[in-house]
Amino acid sequence: MRAFISFILILGGMVYGMSQTDIPKTQPLKIGPKPNLDIKASPTPNATLKMPSVIDMGKTPNLNDSMTPGVKMLPDRELKQAGFDMDIDPKVGEREKGNSKKHYGDMYLGDVKTSSKFVGVVCRDHEYVDGDRVKIYANGHVVEPNILLTGSFKGINLNLDKGFNRLDFEALNQGTSGPNTAQVDVYDDKGQLIYSNKWLLSTGSKASLIVVQE
């Protein structure tokens, strides 16, 4: 019995000793005197960053010094508005729509001389391509009843009579943007351009050209 009690006491002592080792030991925090950081009140002269003064406080700033010489920022009475010399036709919109009341009558395009036996007569719409059509006469006879003018040249070769040969270009319409507009070029039998002109015609009007064979 005594041996059993002694065993229980020894076992309890061992358990108590082991449990004491798990508790961490604390030490009191010792606060000493304030450390001496030895901070100097003023930096060394060599370490100072010198920034230039933007405005000299001893001088009154002059804003005109920053302006480029000769540049005027204020309105000048001598300045002219853009487009001051343009002449604007208030009826230009009407003509573009084909509703112009202005009538473009017959035109005489002048004359040209050549020694060629035949010439090439071509024409095209030199402005807005809008469906203009023309009829071509040579000495009163229809040689091309209906040419639709496009951006490319179209025409015919025409044998010439000795002396005067009259060419008439009749406007069959004014397209969607009147008047009927065209450029006409004439080439000799060597393919050289010998004449060029333009017309503005109302429907039914004619542009006439004289080709003289020498």
Pairs with Cβ under 7 Å, 6+ apart, first in region 172-201 and at positive phi, second in a loop (DSSP other than H, G, I, E, B) and open to solvent by less than 30 Å² (accessible area, probe 1.4 Å): Gly175/Asp130; Gly175/Gly131; Gly175/Asp132
Qualifying residue in region 113-121 (condition: under 19 Å from Asn180 (Cα atoms) and either surrounded by 12 or more Cβ atoms within 10 Å (Cβ to Cβ) or over 35 Å from the mean Cα position of the chain (by Cα) (or both)): yes
Unmet criterion (only one of (1) of a type in the set (Val, Ile, Thr); (2) under 17 Å from Tyr104 (Cα atoms); (3) over 33 Å from the mean Cα position of the chain (by Cα)) for Thr181: (3)
Any hit, region 137-157, residues being under 33 Å from the mean Cα position of the chain (by Cα), among the polar types (S, T, N, Q) and open to solvent by 10 Å² or more (accessible area, probe 1.4 Å): yes
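Residue check: is Ser196 over 21 Å from Gly140 (Cα atoms) and either at pLDDT 95 or above or open to solvent by 70 Å² or more (accessible area, probe 1.4 Å) (or both)?
yes
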Scope region 204-214; condition modelled with pLDDT of 95 or more and either under 20 Å from Ile147 (Cα atoms) or open to solvent by 10 Å² or more (accessible area, probe 1.4 Å) (or both); matching residues: Gly204, Ser205, Lys206, Ala207, Ser208, Leu209, Ile210, Val212, Gln213
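The values are calculated or read from the model by the stated rules, or taken from the named source; none is laboratory data. Quantities reported herein were computed from a predicted structural model and do not represent experimental measurements. Heads up, the Cβs are rebuilt from the backbone with ideal geometry, glycines too, and the neighbour counts pull from every protein chain shown. For the accessible areas, the whole protein counts, side chains as well, though only heavy atoms, and no ligand, DNA or RNA atoms are used. Shrake-Rupley method; radii C 1.70, N 1.55, O 1.52, S 1.80 Å.
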